[in-house]
Amino acid sequence: MTTLTDPPKESFRLSMLIYDTRYRSTTFQVIALIGFLTLIGWLFNNTAQNLADLGKEPSFRFLGEPAGYDINQRLIDYDSQSPHLRAAFVGLLNTLLVAVLGCITATILGVTIGVLRLSKNWLVAKVMTLYVEIIRNVPVLLWIVLTMAVMIENLPSPKDFRGEDPAATMQVFDSVAVTNRGIYVPEPLFTRGLGDAHLFGNSAMNFNISLDLWLVIAVLIAGFFVSAKIRKRADGIQEATGERPSTWYLRLGVIVVPLIITFVALGFHLGYPELKGFNFQGGTHMRNSLIALWLALSIYTAAFIAEIVRAGILAISHGQTEAAAALGLRPGKIMKLVVLPQALRVIIPPLISQFLNLTKNSSLAIAVGYMDITGTLMGITLNQTGRELETVMLGMLIYLTISLLISLVMNWYNERVKLVER
Amino acid sequence: MKKTVFFSALTLAGLAAGAATAGTLDDVKARGKLNCGVSTGVIGFAAPDANGVWQGFDVGVCRAVAAAVLGDQNAIEFVPTTGKTRFTALASGEIDMLARNTTWTYSRDVDLKFTFVGVNYYDGQGFLVPKSLGVSSATELDGATVCIQTGTTTELNLADYFRANNMSYEPVPIETNAEAQQQFLAGACDVFTTDASGLAATRSAFEKPGDYVLLPEIISKEPLGPLVRHGDDQWGDVVRWTLNALISAEELGVNSANIAELAAAAGNNPEINRMLGTEGNLGEMLGLDADWAVRAISVGGNYGELFEKNIGENTPVGLARGLNAQWTNGGLIYSPPFR
């Protein structure tokens, strides 16, 4: 008689880690991970050791010390006695300014060019093709430097505006001065202004925001809100009766009238630039470094956005256009109501990376002396304090944060426009 | 097998890290080439000539060091650096020494961990303006647009000067001297400020130098000199005493014309003998051979000759000796004795 025994219970042996296919891949992954971490640790240790040998232990205390240098474009109060942290903040705001301006212009320009490239008009289509191919195939740094050089060499300097028979005159009813130091435009002023709101107290990050600006924005938002309500009501009436009441004057009125009242109440007037001393004084000074960077980044990124838009539109089946035409819609309406809304789903994801590219490319600002975060924190501060590692790390962290925030916002927008699957 | 490769890679990397900490003098000798940081191009101080050969006052110091250490004044890799990149280049070991109109300051010496080996030009910050601007003093510059090289001491002096005089200005930050010239000549800035010697050098390259004038105010002390990394005293000594040899040579009347004769045999001036190695063993103490100073001086002559040839009054730059005369002539140029 035979006795049935359980199959021998296999005990775990060390060699199974390699020879048993159940464990092998895990073993290799663990080894690779340990190796990778060792490498990172060694790099980190080596850096720390070398810095210690040089007597330069990593420290961020320099951020609290007076910067000592001046910055020309300041969106917040800053002077040479402010700390380095504040200088970095000024630079960050400058980066954000050019990034936001650039993204807006590039989108408008890109969408227009992308749509026009598909135009049935041969000349328009070819001109747009030429634009896209020329612009996107030359490095953006060259466009930035070229724009700057053209502005410096071709535009008149302020002294040309002087004298009995000046070589240059101001544009647009003597209100805009175009010089090789930048463009001076009239600035909005309020005689009965509400003053400023002070944020963040006395910290290095404190800044003032004009309450007038807040009020104007609030009035605008309220206007748009009411306007949307009126449109909803008109939609309702159209649903019920088939007649759409004419509401455009009402909708325009609720936006414009309160705005005008606000402006009058605040004592709105324009401050015009005027030639005083060496430079134009008064007005808003858009420095040529800002304009060169903004323009070059916009036209460069627009070329890529144009291609993305074109791809998005071509991705929409032609049947959609034909169906819309069969319903009697005109070409402009077809594009606006049928094609673009669907194309957006294809357009948004690659558009995000173009916005990220534009923001990161803005660090080329240094080529034209635009004082962005690279110019202040990772430029002059790095040089004056000798804290290479700390400033560059901090700079990378800031760019990373900006990029992730842009991604976050755009992904949220993408969620909204993407096809809802049921 | 995998492990072996990994560990040997680690060991190699460790060795490489270890080797980098050996003395700079040995590194330079082993490499057979001196990596010398210079400016991106300031006529008279450091700029490539029509044949692409680097010429100038600061370049002369590099060549003297190369000749002293390697015996060949052309065994140099010139590394052009901007005001911003120069310190990182030196600290990281990309260059062995920096001879680039660099101001000796407390924080650069103490905090940035560099060793200034001496002063080869006593300078001060000045302002260059077009004559047509109608300005005769820096105190009239309220509201002016000023072109300024970033990452320099001049940037900080400028901020201090305008603050102290309660004036405002618009800084236009630029990276290189060439950019500054472009902006200044196009009238994108009213004033160009940097060390007075640099302004004179820049002006000499203008099409019409006569249309531009240096304002009388000198707003800072700018002792310019070569520098090396902290912590390698032997290498620091080599560069320091090469510079001192050039300065002493002028004081003692040793020049490119008579050096061969003086170095051939011991003469009757013991200090010259010690310096040129015909007496004593100063070269050996430095880790070099006995003829090191002879070679250094033979390259471009003594300090005075270098000055006259590159930036002196008969050159387009046209700088007077002024503070940079020998101490025996009422200047500040003074070398410790070779003893």
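Just so you know, all these numbers are worked out from the coordinates, no wet-lab data involved. It should be emphasised that the depicted structure is a prediction, and the values quoted were computed from it without experimental measurement. As a convention, Cβ positions derive from the backbone with ideal geometry for all residues, glycine included, and neighbour counts pool all protein chains shown.
Available extension along the chain between B:Asn281 and B:Ser92 is 64.7 nm, counting 0.36 nm per residue and deducting the alpha carbon span.
Per the Kirkwood treatment, what hydrodynamic radius in Å, one decimal, follows for chain A from the mean inverse distance over all distinct Cα pairs?
Working: mean 1/r = 0.0367 Å⁻¹.
Kirkwood radius, chain A: 27.2 Å.
Take each residue in A:36-45, count the other chain C-beta atoms within 10 Å of its C-beta, and the mean is 1.
Could you compute the FRET efficiency for A:Leu314 and A:Glu415, with r as their C-beta to C-beta distance and R0 at 30 Å, rounded to 0.05? Mind showing how you got there, number by number?
Details: r = 24 Å, r/R0 = 0.80.
Once rounded, the FRET efficiency stands at 0.80.
Between A:Val100 and A:Val30, the modelled label-to-label distance comes to 5.2 nm, taking each label 7 Å out from Cα in the direction of the beta carbon.
Gain on full extension, evaluated as 0.36 nm per residue between A:Thr169 and A:Glu243 minus their Cα-Cα distance, stands at 21.2 nm. Taken residue by residue and averaged, Cβ atoms of other chains lying within 10 Å of the Cβ of B:135-142 number 1. With a Förster radius of 22 Å applied to the beta-carbon distance between A:Glu57 and A:Thr401, the computed FRET efficiency rounds to 0.30.
Counting 0.36 nm for each residue step from A:Ser11 to A:Thr191 and taking away their Cα separation leaves a gain of 55.9 nm.
Net charge of the neighbourhood of A:Pro83, taken over other residues with C-beta under 13 Å away and scored Lys/Arg +1, Asp/Glu -1, is -1. Its relative contact order, with pairs defined as Cα atoms under 8 Å and 6+ residues apart, puts region A:117-275 at 22 percent.
For region A:185-260, the Stokes-Einstein estimate of translational diffusion at 4 °C and a viscosity of 1.567 mPa s comes to 84 µm²/s, using the Kirkwood hydrodynamic radius over alpha-carbon pairs.
What value in Å³ per residue do you get for the convex hull of the alpha-carbon atoms in region B:125-220? Working shown, then result.
Details: hull volume 8.0 nm³, N = 96.
Dividing the Cα hull volume of region B:125-220 by its residues yields 83 Å³.
For A:Lys333, the lysines whose Cα falls under 27 Å of its own Cα, not counting residues fewer than eight places away in the same chain, are A:Lys120, A:Lys126, A:Lys229, A:Lys232, A:Lys418.
Only Cα pairs within less than 10 Å get springs; with that Gaussian network setup on chain A, which residue of A:Gln171, A:Gln238, A:Gln281 has the largest fluctuation? Among A:Gln171, A:Gln238, A:Gln281, the largest mean-square fluctuation in the Gaussian network model of chain A belongs to A:Gln238.
What is the calculated FRET efficiency for A:Leu389 to B:Glu313, with r their C-beta to C-beta distance and R₀ = 45 Å, to the nearest 0.05? It would help to have the intermediate numbers written out before the result.
Working: r = 46 Å, r/R0 = 1.02.
The computed FRET efficiency comes out at 0.45.
Summary of packing: across the peptides A:145-155, A:398-408, the per-residue average of other C-beta atoms within 10 Å ranks them, highest first, as A:145-155, A:398-408. Straight-line reach from A:Lys56: taking Cα to Cα under 16 Å and skipping same-chain neighbours fewer than 8 places apart, the lysines in range are B:Lys113.
When the convex hull of the C-alpha atoms of region B:78-171 is computed, what volume per residue in Å³ does it have?
Working: hull volume 12.1 nm³, N = 94.
In region B:78-171, the Cα hull volume divided by residue count equals 129 Å³.
Relative contact order of region A:190-268: 36 percent, from C-alpha pairs under 8 Å at least 6 residues apart in sequence.
Each distinct pair of alpha carbons in the protein assembly as shown adds a 1/r term; the inverse of their mean, the Kirkwood radius, is 31.4 Å. Short to long, the 10 Å bins of the Cα pair-distance histogram for chain B hold 5, 24, 30, 22, 11, 5, 1, 0 percent of all pairs. Could you pull out which residues in region B:75-103 have an amide N less than 12 Å from a spot 7 Å beyond the Cα of B:Leu332, following the Cα-Cβ vector? Output list for this probe position: B:103. Peptide A:344-357 has a mean shielding of 0, counted as Cβ atoms of other protein chains within 10 Å of each residue's Cβ.
Residues in region B:41-47 carry Karplus couplings, in order, of x, 10, 3, x, 9, 7, 7 Hz; the curve used is 6.51 cos²θ - 1.76 cosθ + 1.60 with θ = phi - 60°, and Gly or Pro positions show x. Note on chain A: helix-only mean residue ellipticity at 222 nm, from DSSP H runs of 4+ residues weighted -39500 (n - 2.57) and normalised by residue number, equals -20000 deg cm²/dmol.
Annotation for A:Val138 and A:Lys120: the two label points, set 7 Å from Cα along the Cα-Cβ direction, are 3.4 nm apart. Taken over region B:206-339, the percentage of Cα pairs per 10 Å bin, counting from 0 up to the bin with the maximum distance, is 11, 36, 31, 16, 6, 1. Near B:Tyr212, the amide H atoms lying under 5 Å from its own belong to B:Lys131; only residues 5 or more places off or on other chains count, and H is placed 1.01 Å from N.
Which entries of B:Lys33/B:Lys221; B:Lys131/B:Lys221; B:Lys33/B:Lys84; B:Lys221/B:Lys309 have Cα-Cα distances beyond 30 Å here? Intermediate values should be presented prior to the final figure.
Working: B:Lys33/B:Lys221 34 Å; B:Lys131/B:Lys221 25 Å; B:Lys33/B:Lys84 24 Å; B:Lys221/B:Lys309 25 Å.
From the list (B:Lys33/B:Lys221; B:Lys131/B:Lys221; B:Lys33/B:Lys84; B:Lys221/B:Lys309), the Cα-Cα distance tops 30 Å for B:Lys33/B:Lys221.
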